[in-house]
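Worksheet: the structure to be examined is printed underneath.
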Amino acid sequence: MQLGINLGYWGAGMDADNLTVAKEADKLGYAVCWAAEAYGSDAATVLSWVAAQTERIDVGSAIFQIPARQPAMTAMTAATLDSLSGGRFRLGLGVSGPQVSEGWYGVKFDKPLARTREYVEIVRKAMTRERLSYEGAHWTLPLPDGPGKPLKLTVHPQREHIPLYIAAIGPKNLEQTGEIADGALLIFPAAEHLEETAIRHLRAGRERAGLTMDGFDVVPTVPLAVGKDADVDALADMFRPYTALYVGGMGSRKQNFYNQLACRMGYEKEAAEIQDKYLSGDKEGAAAAVPRSLIDSTTLLGSVDRIADRMRAYAEAGVTTLTLSPAGFSLEDRLASLRAGTEALERAGLA
């Protein structure tokens, strides 16, 4: 199992620190550095900056939002980043959510599975550098009865095949991801529930495509807080607002993928309470309602030995790249967490 690092969203007052974290991860042998985007910093610019100042670590989008870019633009960006980084780019895609898609991009959040499938097909076709033509329900290239003509990408990617990942949560999305992608980006992954909530759906998609899980990259992002085992409760409290935001406030009451995931892990009652409080404006109450067991099962908390045990459980569950999101109020804390991550991987016998 390899390790990755997730820088999250840029522009939160930690820009210089994030670059230092990326450089340290590069030196420590982390496999990939991911950057995210929502409605602030874009991931492509961040990744180009990180790639220019690192040597070996891959850079990946987690994610490029599908409603933000036409698929041909995504192919151009992926090819450019792969070329400039010397073949170190990983393309992660996702549909985002209805609030961002419709509120920020003005793109209707409908038929996300069909749109994702067409998007991936166009991106892959464009990156082969063959002339681009496509007829689908959501995209037609070139437009009919006009001056457009099939064009081909002029940029040469460093590699013939750029790894393509999809951020997936729901069973149908996971199954499609297994069928059409090279890897899956997961969030709130509990090792004990991973087979039930994700792996079996990914496997079904692979089988539908005549493939196995061999070579398919299962990549959950897991928050990390290092400390004494006696302080695990206090460490878990650090992630209460984060968990409450996703389970309670991300999306609408009717359409919150993270709330649905918590329900599939057996937290139906708690997920409903968290959402009720969060949407009513009681964010502190929502955070307090998050069960400690939910946080503990979806994070890495405590001593290096305890973290190593959890890493071993993730590897046994089928994780191939474990992406860490180190917590800490200082740069020194985050760098120490990075080093603890590599130490834990070694103690787990997974390095």
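The values are calculated or read from the model by the stated rules, or taken from the named source; none is laboratory data. Not measured: the values here are computed from a predicted model. All Cβ positions, even for glycine, are placed from backbone atoms using ideal geometry, and neighbour counts span all protein chains on display.
Tallying residues that are touching a residue at least 40 places away in the same chain (Cβ under 8 Å), out of contact with any Asp or Glu (no Cβ under 9 Å at 6 or more places or on another chain) and of a type outside the set (A, V, I, L, M, F, W, C) within region 104-117 yields 4. Entry remark, region 213-272: residues being part of a loop (DSSP other than H, G, I, E, B) and farther than 21 Å from Asp305 by Cβ number 14 in total. Here the condition is being among the polar types (S, T, N, Q) and not assigned by TED's automatic domain parsing to the domain that holds Val59; of Ser330, Ser325, Ser293, it holds for Ser293 alone. From the list Ala75, Ala126, which one is in contact (Cβ under 8 Å) with a residue 60 or more places away in the chain and closer than 30 Å to Ala31 by Cβ? Selected residue: Ala75, the only one of Ala75, Ala126 that is in contact (Cβ under 8 Å) with a residue 60 or more places away in the chain and closer than 30 Å to Ala31 by Cβ.
When Arg129 is tested against (1) out of contact with any strand residue (DSSP E or B) (no Cβ under 8 Å at 6 or more places or on another chain); (2) not in a loop (DSSP other than H, G, I, E, B), just one condition goes unmet, and that condition is (2). Contact map, region 250-265: residues that are free of Cβ contacts under 8 Å to residues at least 60 places away in the same chain paired with residues that are assigned to a helix (DSSP H, G or I), Cβ distance under 6 Å, separation 6+ or inter-chain. Pairs shown: Asn259/Val247; Asn259/Ala271; Asn259/Gln275; Cys263/Ala271.
Scanning region 29-42 for residues that are modelled with pLDDT of 95 or more, crowded, with 17+ Cβ neighbours inside 10 Å and either over 15 Å from the mean Cα position of the chain (by Cα) or in a helix (DSSP H, G or I) (or both) yields a single hit, Tyr30. Residues in region 54-71 that are in a loop (DSSP other than H, G, I, E, B) and of a type in the set (Val, Ile, Thr) were compared, and the one that is farthest from Thr116 (Cα to Cα) is Thr54. Just one of the listed residues (Gln70, Gln2, Gln53) is under 24 Å from Ala315 (Cα atoms), surrounded by fewer than 20 Cβ atoms within 10 Å (Cβ to Cβ) and modelled with pLDDT of 95 or more, and it is Gln2. How about region 280-293: which of its residues are surrounded by 15 or more Cβ atoms within 10 Å (Cβ to Cβ) and touching a Lys or Arg at 6+ places or on another chain (Cβ under 8 Å)? Residues satisfying the conditions are Lys283, Gly285, Ala286, Ala287, Ala289, Val290.
Taking the numbered list (1) touching a residue at least 60 places away in the same chain (Cβ under 8 Å); (2) closer than 23 Å to Ala340 by Cβ in turn, His156 passes all entries but (2).
Only one of the listed residues (Pro171, Pro220, Pro163) is surrounded by fewer than 20 Cβ atoms within 10 Å (Cβ to Cβ) and touching a strand residue (DSSP E or B) at 6+ places or on another chain (Cβ under 6 Å). That residue is Pro163.
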